[in-house]
Structure formats: structure tokens, C-alpha cells
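The structure appears below as C-alpha cells.
The values are calculated or read from the model by the stated rules, or taken from the named source; none is laboratory data. What you are looking at is a predicted structure, and each value in this text was computed from that prediction instead of being measured. Neighbour counts run over all protein chains shown; Cβ positions are idealised from the backbone, glycine included. Protein only, heavy atoms only, side chains kept; ligands, DNA and RNA dropped before computing areas. Shrake-Rupley method; radii C 1.70, N 1.55, O 1.52, S 1.80 Å.
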Amino acid sequence: MPSQQSPSSSSAPSPKLAGLGVAVFVALASIWFRQQQQQQEQQAVANGQGPPMDPEEERKMVYDLLKEEGLCLEFVRKELQADYDMVLAAASNAGTCIEFASEELRKDRTIAVAATKSDHWAIQYCDKRFREDREIMLNCVSQDGWSLHWASSALKDDRDLAMACARSDGLAIQLASERLRQDREVMQEAIRNQPRALQYASPELKKDVALVREVISLDGLSLRFADDELRRDQDIVLEALKQDGRSLFFAHEDLRSSKKFVMKCLKQDFECLAYAHSSIIDDRNTMKQMLDQSNQNKQDSIDDLKSDIADLQKESEKLRESQLAQAKEIEALKAALAAATDGEHALLEPGADAPFKAEAKAEVAASRAAAEAAEAKAAAEKGGSNDKNGDAGTGGTKRAHPDADADAGVAEGAAAAGSVAAASPSAAEAAGAPAAKMAKTDSDAGEPDMGDRNMPPLPMSPVAHQAPLAAAAAPTASPLQIPQNDGAMDGILSP
């Protein structure tokens, strides 16, 4: 019979399945736990409650933040608002943040100095004893004169603080003591910053003519703060009208109701008529007369303007004529410069130096002819002595060589050419042509130059020093080279 299994053995799970079930349960439980943790963290962030930070890291982060934005001191924890370094860093860039500092640190002078340097309004949050500190209050008043309001009564009477207040905002001088508002230098500094600060000056300074003139030169409407005697002064009022025509409204009533004075004012500014006294405005005859005078003044102004325009036109015409004359002179100078430049270019062109070459040739020929004449004379003297000796030995039957006669003829021609060259360059060229031709013929013949061994050097002409002309004038032989006469010219020179 087949064996039957017991119910208990068939229903018991295997160990592997049991272990797998436990692992799945643990995994699901861990996932659920992580999800719950993430939801809690997200809820904490949404409520502004993050996970706890490291204290040192938090301190460094807050310190860096306060160095950039000191007003964030309001939102840090109370412990950090009582931290000296934190408050000092915040006060250095936003002085009013010390409002949120601890009571103890608001009494610290270093923090108070740093705070007032960055923002003068920080003085109202500092301890009240610093309002008597001269350095701290000077820092505040230099930035804004109205900070003098927070100073103590003793510092409001300090002259340096009053001068700083006047330079910062002249109207804030009203916060200074009465004694300093009687100081002319202090009030003058305030008036230069704000002319209407004259209203806070003492009655004696409001009568100061020089001070009032300085005020109305800056702001004519400040005439209303001057003394009544000065507002009755016609010169003072007219000077104020130059700056602002509405100043007539603040003149004394005696001047505003004076027809004669109002007519003077109309010459400067017609709009001031609206600020004259009502007795003048309501008088039709007076108004008509003033309007006629105003029209006449306008016509006079137009005529003066036309005259000025005519004078300007005349000056413009004179200036135009002067410019034309200068332009003509410039054109003439340009033409002269162009002619000189063309002349220089012409001298460099081929054939432009022909006259100079002719003169150089004539001088060379003259020099050569003189040298040949000297040589011929020396040869003649030598030949004469030989003839004398020969006649003594042979009975006087020996005749001179034909070349000697030719040399004598050449010498005579050269001497004539030299005298002509000294008289005129053109004549010298004509007279020296045979000699120059003879020199060229002898040079072409290739005869050796033996005549300058005993001859002294001849002086050179200034023209001969010019390299291009000398080269053109003597293309064949040097002036000191005297060619030998080989008899080729005997037929030309002999009679």
C-alpha cells in the first residue's frame, strides 16, 4: 500500500521561504521608514525648522552674511544678537541695525562709533550718554546737519559742530545755540549752503549790508528775511530783482507803492509789475503809462539788438576779408613753392645744365691754353739757345723744327682764348673751341702726356668743383694734362 504523509509535515513552510519572507518585510519596512523621514524633513523645512547645524559652521555663515547685510541682525538668534563680533560686523555697514542688538552692546563705544560712521541715524538707538560724546556727534553732524537735534545742549553750543552743521545743511543751523547764530562766520557758511538760512540769523546780522547782498545774489526771494531798513533800500531791492523779478513782492511797502521806483523795476523785469502795490495796479492811468513805458523799453531793446547785430555783421565782413587776404597769400606762397620745386626738378632734367657746361668748358679750355702757352714759351727759349749754339757750330745754317712754329701759333691762340674767356663766358667758349678741339684730337691719337712734368698745378675754377659739370666739361682729359702736338694741326695753325 502506498505510504500516506501526515498533515503536519505537508503544511510546514520550508526554511528558505521563511527567510525570503523576512527579507521582504525588512526591505518594505526600511522603505516606509525612509519615506516617513523625508516627509518629516520636508515639513520641517516648510515650517522654517531645518535640521540642526554645526555651531561653528552656523556662526561663520551668519558672520559672513552680516558683513554684507547688517540689517539681517534682526533675524538671527538672540545669542548671536548678543555676540560682539556679530554686532560689530553688522554695525560697520548698517548702523541702524544696533536697534536689534542687545542692551549691553548698545552701550559699547566702539560699536557706537562704527554705527554712527556708517549711518548718522544710528545715534538714536545708541545709549543716551553718547549724545554728549563730541567725536560721535561730529560724525553724525558731518553726514547730516539735522543730526544736531540729538546732541546735548552743551554740544549744540560747540562751534566746530555748528560749522559742520552749516556745511552739511544750512537750514539745520536753527538747531544751534543762539550764541552761534550770532556768529557771522557760522551764519555766512550756512547762507552759502542755503541762502534762506538768513531767517535764523540774529537781528544784527540781518542788518549787515554785505551779508544781505551776498544772500540776495544767490536767492533774490531771501530779501524777505532782511531787515526792514534794507528792504526799503532801492539798490538792495534792484539787486534782488536782477536775480528774481518776484523779489519786488518782499520789498518794503513804500517802494512797492512808488510809481517812480516801479518804473525803474520795469526796465529790469516787466513781470515784476504783478508784484507792485495794489494802488498802482488799480490805477488805470498809471498802468497805461507803465505799459507804454514798457513797450518803449522793449522797442529800445530791439533797436539795441539790431545795432549789435549790425556791428557783428561788420566785424564778420572784416573777418571774411581778412580770411580772403590770408587765403590769397597762402595761394601765392604755394605757387612760389611749386615754382621753386619745378626749377629744382628742371635742373635735374637732361640738358638743363647746358649753360653751366659751356662755361665750364670755356674755363677748362682757357686753363689748358695758358698751360700750352707756357710750355711753348719754355720750348721756344730752349730751342733758341740750341739754335744759337748750332749757328755757332755750323755757321747759322740750321733751321728750327716745324713743330716749334706750330707750338708758338698754338700758344698765341691759347693766350687769345684765355683773354676772351676772362671777358665773357660765351666768348670764352668761342675762343677756346680750337684748343678744346685740338685737345680732343690729341687725346684720340693716344699720345702720351709728357708736358706737365715741370709744370706747377693750375688753380681750379669754382665751377670745376661741381662734380656733374666737371664731368660734362672734361670728358676726355684732365685740365692739367697737356697733349703733345704731333703735327696734325700744322696745316690749320700755320699761315
- The simple spin-label model distance between E321 and A378, using points 7 Å out along Cα→Cβ, in nm, is 7.8 nm
- Item | Long pairs among K107/K156; K260/K314; K156/K206; K242/K318, criterion Cα-Cα beyond 28 Å | K260/K314; K242/K318
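If you roll a 1.4 angstrom probe over the protein chains with everything in place, what fraction of the accessible area of the range 56-179 belongs to carbon and sulfur, to the nearest %?
On the way: 3030 of 6360 Å².
On the range 56-179, the fraction of accessible area on carbon and sulfur atoms equals 48 percent.
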- Query: Assigning unit charges at the beta carbon (Lys, Arg +1; Asp, Glu -1) and nothing else, what dipole magnitude in debye, to the nearest 20, does the range 63-175 show about its Cα centre?
  - Reply: 360 debye
- Among S152, H120, C140, whose Cα lies farthest out toward the positive end of the dipole of the range 29-182, if unit charges sit on the beta carbon of Lys, Arg (+1) and Asp, Glu (-1)? S152
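Provide the gained length on full extension for the span E329 to K298, in nm with one decimal, where the gain is 0.36 nm per separating residue minus the Cα-Cα distance.
Values: separation 31, 0.36 × 31 = 11.16 nm, distance 4.63 nm.
This chain segment gains 6.5 nm when fully extended.
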